[in-house]
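Note sheet for the following structure.
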Amino acid sequence: MRSNKEFADICRDYTQIVDDIARKERTPGHSSAVLAELLRLKSDLERDIVDHLSEDEVESHKGP
């Protein structure tokens with residue numbers, strides 16, 4: 001994360017979304033539309049994280 005700012009930003013956004021979801025779920029009368037959007041964003045960020053990790057895995061197996 002320290003060497004890749006984009007990946008660090010994605011991870012930070014993911015943490016924020018997970019926190020927001022937890023708060024919404026604990027709030028009585030929360031908007032299901034807002035929660036659904038947060039869950040969609042969480043899923044998108046999870047996909048981005050997997051993509052970055054997959055790219056790093058491929059890069060680490062390439063030779064010089």
message: Report every pair of residues separated by at least 6 positions or lying on different chains whose Cβ atoms are under 6 Å apart, first residue within region 17-34 and closer than 17 Å to Leu45 by Cβ, second modelled with pLDDT of 90 or more.
response: Ile17/Leu38; Ile17/Leu41; Ile17/Lys42; Asp20/Leu38; Ile21/Leu38; Lys24/Leu35
- prompt: Considering region 22-42 alone, what residues qualify as being open to solvent by less than 50 Å² (accessible area, probe 1.4 Å) and under 24 Å from Lys5 (Cα atoms)?
  reply: Leu38
- line: Looking across region 1-11 at residues that are of a type outside the set (A, V, I, L, M, F, W, C) and surrounded by 11 or more Cβ atoms within 10 Å (Cβ to Cβ), the single one that is nearest to Leu53 (Cα to Cα) is Asn4
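The values are calculated or read from the model by the stated rules, or taken from the named source; none is laboratory data. Keep in mind that this is a model prediction, so the values were computed, not measured. Backbone-built Cβ (ideal geometry, glycine too); neighbour counts: all protein chains shown. Heads up: the accessible areas ignore ligands, DNA and RNA and are worked out on the full protein's heavy atoms, side chains in. Shrake-Rupley method; radii C 1.70, N 1.55, O 1.52, S 1.80 Å.
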